Amino acid sequence: MYDFTSAEILVAFEQNLAAPKTLQLVLDDPAPNPTRDQVDSVTVSDLRQALGARANTAWALTRPDHFAAKWSFPYAYHIKVIVRDNSAVWLSSGNLNRSNEPNLRNPPSAEDRDWHVIIEDPKLAQTFAAYLDFDYRTAAANQASNQQVTANATVRAIIDAHAKRARETNPPPPPAMALARKPRGTHKTGGPSFAAKTFNNISLKATPLLTPDRLPDSKQGQYLTNVMNLIKGAQRSIHIELQYIEASKGNGSLYDQLLQALADKIAAGKEVQLIVSADYAEKWGEKMKSAGVDLTANIHMYPDVHNKGFVVDGKTVIVSSQNFSPAGIDENRDAGMILESPELAQYFGPIFDADWKSSRPLVVNAGAAGAKKTTRSGAKKAKKTAAKKTAKKAKKGR
């Protein structure tokens, strides 16, 4: 898990993992979420206290993490996966925090659009469990010693103390209330809300997508290879909802190729609709106008999007944690699934359509981007002119 800062979910873990049940957790330590009840280190401390030796926890091996003696992932352990009893797997774009998993009877200041799926299938669950077990063994063997984190101990203690005090002052409602559903109505952002749906005994093809892992006997990443094939094979429509789409550099990189595959589908007349969070749309949109692949004409903005989901041709769905960035598609630890199922597409498709209808087009000041290019071009010409004058003077001097 990338972030686990919901007190309500923490209480549910503590109450439902009574002896002899065990917990194995690998957790990142990102900057505190604005809607947090406590920071991640308090979550770990409380789980260890409640479960004792039945809680096996380790900090993820990310380069910026002071809890890690070594690192495996340069930026983030961004995965959101839970495996229960090697028989069911929960996979999501959302972390275990209040904005990604909101209690709709007591909503936080921000509720994010996220997609989730629970699949009860032992073979699939065991596949994901194998990855999580590997991550835990590797992380547990490379935890930083107390001496290594001493420099941060004082700051960490202060943060933890404030978080604990805030939680004690405003304790979470009991789990029964936390799990109750909000009556049918609207999502906080203005769009319609959708109830969870159970699909019993359906047949579907599921393809796990783990980054940064490679395909067997190949240098190509699991995620990038499968997603590129899915995009290139689309016959009618590609609907994608992401927190953000970083601009590419137009340098032929793997990330540039991914965005170009979408651009090629747009050029071929296919329906390509891209929704991104309003928090990031203009920032990356302006950069798209200046360099790399420009997808801005097909991008809409929607408030508080944290999703990383696809619906392709009305029959294939992706639920994942991978953002569209060079690190997200190839370097962070992330997880997703391609789910080839018309039934699931008929569920997630209308959710995407409702968000698209409620969203607004991304409008980027093309003049500003053009001015940047003109300025750069003018600067280059000025340098060349100055260089010619210097050369002429040098010749005269000889």
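The values are calculated or read from the model by the stated rules, or taken from the named source; none is laboratory data. Source: prediction; values computed, not measured. Quick reminder, even Gly has a Cβ in these numbers, built from the backbone with ideal geometry, and neighbours come from all protein chains shown.
Couple of notes before you dig in:
- Every residue from region 81-117 that is at pLDDT below 95, hydrophobic (A, V, I, L, M, F, W, C) and buried (at least 17 other Cβ atoms within 10 Å of the Cβ): 110
- Residue within region 214-222 that is farther than 18 Å from residue 92 by Cβ, small (Gly, Ala, Ser) and buried (at least 17 other Cβ atoms within 10 Å of the Cβ) present: yes
- Residue within region 348-365 that is surrounded by fewer than 19 Cβ atoms within 10 Å (Cβ to Cβ), modelled with pLDDT under 95 and either within 20 Å of the chain's Cα centre (by Cα) or among the aliphatic types (A, V, I, L, M) (or both) present: yes
- Filtering region 84-112 to residues that are touching an Asp or Glu at 6+ places or on another chain (Cβ under 9 Å), under 22 Å from residue 211 (Cβ atoms) and of a type outside the set (Ser, Thr, Tyr) leaves 89, 94, 95, 96, 97, 100, 112.
- Qualifying residue in region 70-80 (condition: surrounded by fewer than 16 Cβ atoms within 10 Å (Cβ to Cβ), not charged (D, E, K, R) and not in a helix (DSSP H, G or I)): yes
- Enumerated helices (runs of 4 or more DSSP H) restricted to region 118-230, each holding at least 3 residues that are modelled with pLDDT of 95 or more and out of contact with any strand residue (DSSP E or B) (no Cβ under 6 Å at 6 or more places or on another chain): 122-140
- Applying a threshold of 9 Å to beta carbon distances and a minimum spacing of six or more residues, or different chains, the list of pairs starting in region 48-68 at a residue that is within 17 Å of residue 331 (Cα to Cα) and ending at one that is in a loop (DSSP other than H, G, I, E, B) and among the acidic types (Asp, Glu) reads 60/28; 60/29; 62/28; 62/29; 64/29; 65/28; 65/29.
- Enumeration of residues in region 297-315 that are of a type in the set (S, T, N, Q) and surrounded by fewer than 22 Cβ atoms within 10 Å (Cβ to Cβ): 298
- Region 223-250, subset of a type in the set (Gly, Ala, Ser) and farther than 25 Å from residue 74 by Cα, residue surrounded by the most Cβ atoms within 10 Å (Cβ to Cβ): 234
- Selected residue [closer than 16 Å to residue 318 by Cα and in contact (Cβ under 8 Å) with a residue 12 or more places away in the chain] from 265, 289, 232, 249: 232
- Total residues in region 3-41 satisfying the condition of being part of a helix (DSSP H, G or I) and over 23 Å from residue 333 (Cβ atoms): the figure is 7.
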